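The values are calculated or read from the model by the stated rules, or taken from the named source; none is laboratory data. In this text the structure is predicted, and so the values were computed from the model without any measurement. Neighbour counts run over all protein chains shown; Cβ positions are idealised from the backbone, glycine included. The area values use the complete protein model at the heavy-atom level, side chains included, leaving out ligands, DNA and RNA. Shrake-Rupley method; radii C 1.70, N 1.55, O 1.52, S 1.80 Å.
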Amino acid sequence: QVQLVESGGGLVQPGGSLRLSCAASGSIFSINAMGWYRQAPGKQRELVATITSGGSTNYADSVKGRFTISRDNAKNTVYLQMNSLKAEDTAVYYCKADLVEGRYERAYWGQGTQVTVSS
């Protein structure tokens, strides 16, 4: 079984910063895209940012210019640097990794970590 373990969540003040990490472990041959998603109370889960195995990134308009996604392929780890945080960024953040399995891929999800932006 593949496991994605997240860390770095917590409580921060508006305008503050936070860095999330997600490390994949287990039976891993290769990882294609990785990404971060979030879900606020009463809302659907939404894409925050993705990064391909080659380093190409994509961001939701709401976080563009404030968040930065990166990855360390040698460590099977993806990061999300969150700056200039706003109250509306409050949500449970989930890590996702698309693992290569044969000639296909399967998505794996982390357990989620709470990010609360409040004074």
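Report the full-extension gain for the segment R45 to S25: residue separation times 0.36 nm, less the Cα-Cα distance, to one decimal in nm.
On the way: separation 20, 0.36 × 20 = 7.20 nm, distance 2.40 nm.
Once the chain is fully extended between R45 and S25, it gains 4.8 nm.
Keeping all protein chains in place, calculate the accessible area per residue for segment 4-58 (probe 1.4 angstrom), answer in Å². Walk me through the numbers before you get to the answer.
On the way: 2920 Å² over 55 residues.
Dividing the accessible area of segment 4-58 by its residue count gives 53 Å².
K43: which lysines have alpha carbons under 26 Å from its alpha carbon, excluding same-chain residues fewer than 8 sequence positions away?
Here the lysines satisfying the reach criterion relative to K43 are K64, K86, K96.
Keeping every protein chain in place, order L47, L11 by accessible area at 1.4 Å, biggest value first, i.e. largest first. All intermediate terms of the calculation are to be shown ahead of the outcome.
On the way: L47 60, L11 125 Å².
So, going from the largest accessible area down, we get L11, L47.
Given an 8 Å cut-off on Cα distances and at least 6 residues of separation, report the relative contact order of the chain as a percent. Intermediate values should be presented prior to the final figure.
Working: 292 pairs, mean separation 42.8, N = 119.
Relative contact order of the chain: 36 percent.
Restricting everything to alpha-carbon atoms, can you work out Rg to Rh for the chain with a Kirkwood hydrodynamic radius? Write down the numbers at each step before the final one.
Details: Rg = 14.0 Å, Rh = 14.4 Å.
A ratio of 0.97.
Starting from the Cα of K86, step 7 Å along the direction of its Cβ; do the same at E105; then give the gap between the two resulting points in nm.
Rounded to a tenth, the inter-label distance reads 3.0 nm.
Find how many whole Å separate the alpha carbon centroid of segment 45-116 from the alpha carbon centroid of segment 1-29.
If we compute the Cα centre of each part, the gap is 9 Å.
Write down the percent of antiparallel bridges among all DSSP beta bridges whose residues are both part of the chain, to the nearest 5. Mind dumping the intermediate values first?
On the way: 41 of 44 bridges.
Restricted to the chain, the bridges split so that about 95 percent are antiparallel.
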